[in-house]
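K.L.:
A single structure is presented below for examination.
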Amino acid sequence: MNAPDAFVPHHALVTAPSAAPTRWMLVLHGIFGSGANWRTFVRRLAEAQATGGADRPWGFILVDLRAHGLSQSPPAPHTIAAAADDLLRLGDRLGLDIRGVMGHSFGGKVALAYLDRRPAGPAGIERGFMLDVDPSARPAGESGSESPGVLELLRAIPQPIASREAFLEAVQAAGFSRGIGEWLAMNVRREGDGFRIRLDLDVLNDLLTDYFARDLWHVLEEPPAPAGVEARRLHVVLGGRSASVSPESRARFEALAARAPWLSVHVLPRAGHWLHVDDPDGLFDVIRAAL
């Protein structure tokens with residue numbers, strides 16, 4: 001039972017009109033993002049469940065992970081483990097039958113930590129999707145991730161900012177694409193006569209530090225408990241053009257999938273790190289077929 005003041009992340013339920021889901025999947029965004037980043041993609045999945053005549057249709061829970069979106073001012077510590085524990089409290093609060101988790105990048109590591117806390121038996125997690133996430137512990141500078149540079153940029157931009165366009169120009173001047181700028185601009189809000197970045201950058205720094213320090217390969221490599229071997233299926237989806245997952249980890253994924261019946265690896269050749277933006281149809285086909 002949750003204490004009345006226990007931190008529970010903000011969330012939104014996504015289902016098709018008139019649908020009656022019998023099981024639910026958590027959807028976890030990447031660093032600096034929010035659940036809203038995945039709303040369009042997940043709504044498409046929900047509608048496909050409804051029109052495809054699924055025997056046990058899925059509903060989806062878009063989560064704003066701690067210190068993102070509307071999930072502000074979480075208590076310390078700010079770690080992957082704490083973010084996973086937030087999801088356990090959310091599940092208790094909702095009282096829904098949560099049987100799946102899907103996470104992109106930072107959210108993928110939170111998904112692995114959540115899987116580590118949930119059994120794989122008849123009442124446990126049935127489907128897990130890790131989207132372009134490297135489970136390894138690596139120095140941030142060797143990760144291929146733009147996130148540390150983005151954090152430095154956000155710290156350096158003077159506030160208040162004159163306009164959203166001025167924010168976009170600052171992002172592009174630092175060498176990032178306009179697409180990255182528009183994504184980050186979802187965190188920029190008008191305050192008084194200007195705009196401010198509504199992110200707690202110190203908390204995000206703690207989360208990123210723990211993200212790069214945490215190794216969660218064991219969640220994928222250890223077989224589920226005997227009762228869950230048939231029930232749990234885990235899927236790793238990688239962008240063929242992404243630098244966020246190292247060549248060593250890609251090879252390790254493939255070797256593991258060759259011997260582990262609970263794990264499948266899928267590569268979207270045209271996609272970079274942003275799978276749902278670069279190849280939404282390819283990602284949709286993989287996930288829909290695996291549900």
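The values are calculated or read from the model by the stated rules, or taken from the named source; none is laboratory data. Please read these numbers as outputs of a predicted model, since none were measured by experiment. No Cβ is skipped: glycine too gets one built from the backbone with ideal geometry, and neighbour counts run over all protein chains shown.
Conditions tested, residue by residue: (1) charged (D, E, K, R); (2) in contact with a Gly (Cβ under 9 Å, 6 or more places away or on another chain); (3) in the same structural domain as Y114 (by TED's automatic domain parsing).
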residue	(1), (2), (3)
G181	no, no, no
A185	no, no, no
D193	yes, no, no
D206	yes, no, no
T209	no, no, no
E222	yes, no, yes
S242	no, yes, yes
S249	no, no, yes
A255	no, no, yes
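This table checks each residue for (1) within 16 Å of the chain's Cα centre (by Cα); (2) under 22 Å from S249 (Cβ atoms).
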{"site": "A50", "(1), (2)": "no, no"}
{"site": "L65", "(1), (2)": "yes, no"}
{"site": "A81", "(1), (2)": "yes, yes"}
{"site": "D86", "(1), (2)": "yes, no"}
{"site": "L90", "(1), (2)": "yes, no"}
{"site": "V110", "(1), (2)": "yes, yes"}
{"site": "G149", "(1), (2)": "no, yes"}
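K.L.:
For the stretch 26-38, indicate whether the set of residues that are touching a Leu at 6+ places or on another chain (Cβ under 9 Å), closer than 23 Å to P119 by Cα and aromatic (F, W, Y) is non-empty.
P.N.:
No, the stretch 26-38 has no match at all.
K.L.:
So the check is Cβ under 8 Å with 6+ separation or different chains; which pairs have a first residue in the stretch 236-247 that's under 9 Å from P269 (Cα atoms) and a second one that's assigned to a strand (DSSP E or B)?
P.N.:
Going by the 8 Å Cβ cut-off, the qualifying pairs are L238/V265; L238/H266; L238/V267; L238/L268; G239/V267; G239/L268; G240/V267; G240/L268.
K.L.:
Given the options G69, G108, G124, name the one that is small (G, A, S) and closer than 27 Å to G240 by Cβ. First the steps, then the outcome.
P.N.:
Working: G69 fails: closer than 27 Å to G240 by Cβ; G124 fails: closer than 27 Å to G240 by Cβ.
On inspection, the qualifying residue turns out to be G108.
K.L.:
Looking only at the stretch 154-176, filter to residues that are within 14 Å of F32 (Cβ to Cβ) and not aliphatic (A, V, I, L, M); which one of those is surrounded by the most Cβ atoms within 10 Å (Cβ to Cβ)?
P.N.:
Among those residues, the one meeting the criterion is F167.
K.L.:
Quick check, is G100 in the same structural domain as P21 (by TED's automatic domain parsing), at pLDDT 95 or above and over 23 Å from V203 (Cα atoms)? Give the steps one after another, and end with the answer.
P.N.:
Details: in the same structural domain as P21 (by TED's automatic domain parsing): yes; at pLDDT 95 or above: yes; over 23 Å from V203 (Cα atoms): yes.
Yes; evaluated as a whole, the condition is true for this residue.
K.L.:
Additional query: Determine, yes or no, whether V286 is surrounded by 14 or more Cβ atoms within 10 Å (Cβ to Cβ), under 14 Å from V133 (Cβ atoms) and modelled with pLDDT of 95 or more.
P.N.:
Working: surrounded by 14 or more Cβ atoms within 10 Å (Cβ to Cβ): yes; under 14 Å from V133 (Cβ atoms): no; modelled with pLDDT of 95 or more: yes.
For V286, the condition - surrounded by 14 or more Cβ atoms within 10 Å (Cβ to Cβ), under 14 Å from V133 (Cβ atoms) and modelled with pLDDT of 95 or more - is not met.
K.L.:
Give the residues of the stretch 271-283 that are surrounded by fewer than 17 Cβ atoms within 10 Å (Cβ to Cβ) and modelled with pLDDT of 95 or more, sorted by residue number. I'd like the intermediate steps shown before the answer.
P.N.:
Keep residues of the stretch 271-283 that are surrounded by fewer than 17 Cβ atoms within 10 Å (Cβ to Cβ), which gives 272, 277, 280-281.
Correct list: P280, D281.
K.L.:
Now a separate question. For the stretch 132-153, which residues satisfy the criterion of being in contact with a Leu (Cβ under 8 Å, 6 or more places away or on another chain) and either under 14 Å from S246 (Cα atoms) or at pLDDT below 85 (or both)?
P.N.:
Step one: list which residues in the stretch 132-153 are in contact with a Leu (Cβ under 8 Å, 6 or more places away or on another chain), which gives 132-133, 135, 140, 147-148, 150-151.
If the condition is that a residue be in contact with a Leu (Cβ under 8 Å, 6 or more places away or on another chain) and either under 14 Å from S246 (Cα atoms) or at pLDDT below 85 (or both), then D132, V133, P135, A140 are the ones that fit.
K.L.:
Do any strands (runs of 3 or more DSSP E) lying entirely in the stretch 26-145 carry at least 2 residues that are touching a residue at least 60 places away in the same chain (Cβ under 8 Å) and crowded, with 24+ Cβ neighbours inside 10 Å, and which ones are they? Outline the logic, then answer.
P.N.:
Details: elements: 58-63, 98-104, 127-131.
Counting at least 2 such residues, we get 98-104, 127-131.
K.L.:
Right, another one. Looking at the stretch 16-53 only, could you name the residues that are modelled with pLDDT of 95 or more and polar (S, T, N, Q)?
P.N.:
S34, T40
K.L.:
So in the stretch 168-182, with the set limited to residues that are hydrophobic (A, V, I, L, M, F, W, C) and out of contact with any helix residue (DSSP H, G or I) (no Cβ under 6 Å at 6 or more places or on another chain), which one is nearest to F195 (Cα to Cα)?
P.N.:
Here is the first cut: in the stretch 168-182, the ones hydrophobic (A, V, I, L, M, F, W, C) are 168, 170-171, 173-174, 176, 180.
Filter once more, keeping what is out of contact with any helix residue (DSSP H, G or I) (no Cβ under 6 Å at 6 or more places or on another chain): 170, 173, 176, 180.
Values: A170: 13, A173: 18, F176: 20, I180: 18 Å.
Among those that are hydrophobic (A, V, I, L, M, F, W, C) and out of contact with any helix residue (DSSP H, G or I) (no Cβ under 6 Å at 6 or more places or on another chain), it is A170.
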